[in-house]
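J.: Handing you this structure, nothing more for now.
The values are calculated or read from the model by the stated rules, or taken from the named source; none is laboratory data. Predicted model, so just to flag it, every value in this text is computed and none were measured. Glycine gets a Cβ as well: all are built from the backbone with ideal geometry, and neighbour counts include every protein chain shown.
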Amino acid sequence: MAIVSERALGRWENEGGGLARELRDQFPGVRDWHYLDTAATAQKPQVVLDAMMRAGGEDYATVHRGVYARSANMTLAYEAARRRVAEFIGGREDEIVFVRGATEAINLVAHSFPRKGRILLSQLEHHSNIVPWQLAGYEIDVCPLTPDGCIDLDAAEAMLTKDHVLVAFAHVSNVLGSVLDAKRAAALAHKVGAKLLLDGCQAVPRLPVDVAELDCDYYVFSGHKLYGPTGIGALWGRKELLDTMPPYQGGGSMIDRVTFEKTTYAPAPTRFEAGTPAIVEVMGLRAAIDYVEAIGLDAIHAHEAELVRQTREALRSINSITLYGPEDAAGIVSFSMEGVHPHDIGTILDEEGVAIRAGHHCAQPLMEHLGLPATARASFGIYNDESDVAALVRGLERVKRIFG
Ligand SMILES: Cc1ncc(COP(=O)(O)O)c(C=O)c1O
């Protein structure tokens, strides 16, 4: 089967981002479900499931070790996948470290970055871009947000000093969908001699990303939010930075020579990939990248922007609803309903076949800033269309009637 059938792609484009039934049907996990929780994890297209089945079945063997042909072939495929990830985000293949996901990538940088000191985070960060820095002992400053929920880069500029060694911001907020002006953030960080890490978890599935153009120093993302498998993600780092960083974990594969007296390490990125890697998941990630690129990130972004526009417009007409985040949010709409806990919203919507997320979204400092214990969040993917928006609105009208 073609990655994305020509017919489905044509219909998807011609309908201006409307649902292509065939495209949706390529996701066995979606079908007639109104799945609006893609920011938590994306459903997988059949081609990704097939690629993993092949990698774990007829093609399966270890990498980097075997002397037999199948292992050599798997090693070639594994390294080809690394090249594919590099191409996808505009980096070099020797700058891509395979990790379990964004969480592990940030823990790795927090542990191995050679200059522990002051860092600047923002009020909207996911816990995985807060706690690793705390654990590693950095001193943390917090950049405030603009009234519509973007990272306030004027404030960042005023706060940054020569003492800051790193700035770590979400490229796209997982709660508000706000998109960072990453190029400006890089310029501000570099002006004071700090490095910029971008948490790209919510950006890579919905925006074209080019790390060279953004001029960041580290970029991290998780495969499972990009229509790929869980348990795999990538850290991109400038080679000259990766080369200065000590290993994060020790074990097989990451060494040059081991003796009881002294061990020397392989060069980056291998030095950061201790143990047998997630071979099957790497093959799934590669297939997912092929899949989204066949559709095109510009087209995906436009499609989700239209769904966000429709959703915000429809929810604005329900007078007990408050919307959060900017009008031009990328693929994500957070909201609350007066007098109704988001968990009740989520439970009633579930009865209507609509899956949203309700909670603090692993962003408790942001909830505190909003003065809320939780929000309801609808997040879109390439399989969603206006029928999902309509189902959400119908469900919310029912919530309103029940609690009215
Ligand atoms: C912005 C952001 N950063 C980091 C993460 C953590 O990703 P993972 O749990 O896949 O490591 C998430 C997941 O929700 C996220 O949305």
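Residue-by-condition table, conditions (1) more than 16 Å from the ligand (Cβ to nearest atom); (2) polar (S, T, N, Q):
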site: 156; (1), (2): yes, no
site: 161; (1), (2): yes, yes
site: 164; (1), (2): yes, no
site: 168; (1), (2): no, no
site: 174; (1), (2): no, yes
site: 215; (1), (2): yes, no
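J.: Something else now. Anything in region 14-31 that is under 24 Å from the mean Cα position of the chain (by Cα) and either modelled with pLDDT of 65 or more or on the phi > 0 side of the Ramachandran plot (or both)? List them, or say none.
T.: The answer is 17, 23, 24, 25, 26, 27, 28, 29, 30, 31.
J.: Related question: Go through region 110-149 and give me each residue that's among the hydroxyl-bearing types (Ser, Thr, Tyr) and away from the ligand (no atom under 15 Å from the Cβ).
T.: Result: 112, 138, 146.
J.: I'm trying to understand the selection: among the residues of region 145-180, which are in contact (Cβ under 8 Å) with a residue 60 or more places away in the chain and either of a type outside the set (Val, Ile, Thr) or outside the structural domain of residue 209 (by TED's automatic domain parsing) (or both)?
T.: 145, 148, 149, 150, 168, 173, 174, 176, 177, 178
J.: For region 181-206, give me each residue that is more than 22 Å from residue 226 (Cα to Cα) and either within 16 Å of the ligand (Cβ to nearest atom) or in the same structural domain as residue 325 (by TED's automatic domain parsing) (or both).
T.: Passing the criteria: 185, 196.
J.: How many residues, within region 336-394, are under 19 Å from residue 314 (Cβ atoms), of a type in the set (D, E, K, R) and over 19 Å from the mean Cα position of the chain (by Cα)?
T.: Total meeting the criteria: 6.
J.: Looking at 332, 382, 402, which is the one that is surrounded by fewer than 23 Cβ atoms within 10 Å (Cβ to Cβ) and in contact with a helix residue (DSSP H, G or I) (Cβ under 8 Å, 6 or more places away or on another chain)?
T.: Result of the check over 332, 382, 402: 402.
J.: For region 86-109, how many residues are away from the ligand (no atom under 12 Å from the Cβ) and small (Gly, Ala, Ser)?
T.: Adding up the residues that qualify gives 3.
J.: Now for a separate question. Name the residues in region 116-145 that are at pLDDT below 95 and either under 18 Å from residue 188 (Cβ atoms) or in contact with a Ser or Thr (Cβ under 7 Å, 6 or more places away or on another chain) (or both), would you?
T.: 117, the sole residue that qualifies.
J.: On the given criteria, is residue 304 surrounded by fewer than 14 Cβ atoms within 10 Å (Cβ to Cβ), touching a residue at least 40 places away in the same chain (Cβ under 8 Å) and of a type outside the set (S, T, N, Q)?
T.: no
J.: Taking residue 210 as meeting all but one of (1) within 15 Å of the ligand (Cβ to nearest atom); (2) in contact with a Gly (Cβ under 6 Å, 6 or more places away or on another chain); (3) among the acidic types (Asp, Glu), write down the number of the exception.
T.: Of (1) within 15 Å of the ligand (Cβ to nearest atom); (2) in contact with a Gly (Cβ under 6 Å, 6 or more places away or on another chain); (3) among the acidic types (Asp, Glu), only one is false for residue 210: (1).
J.: Let me ask you something else. Residue under question is residue 85, and the condition is that it be under 28 Å from residue 226 (Cα atoms) and not in a loop (DSSP other than H, G, I, E, B); does it hold?
T.: Yes.
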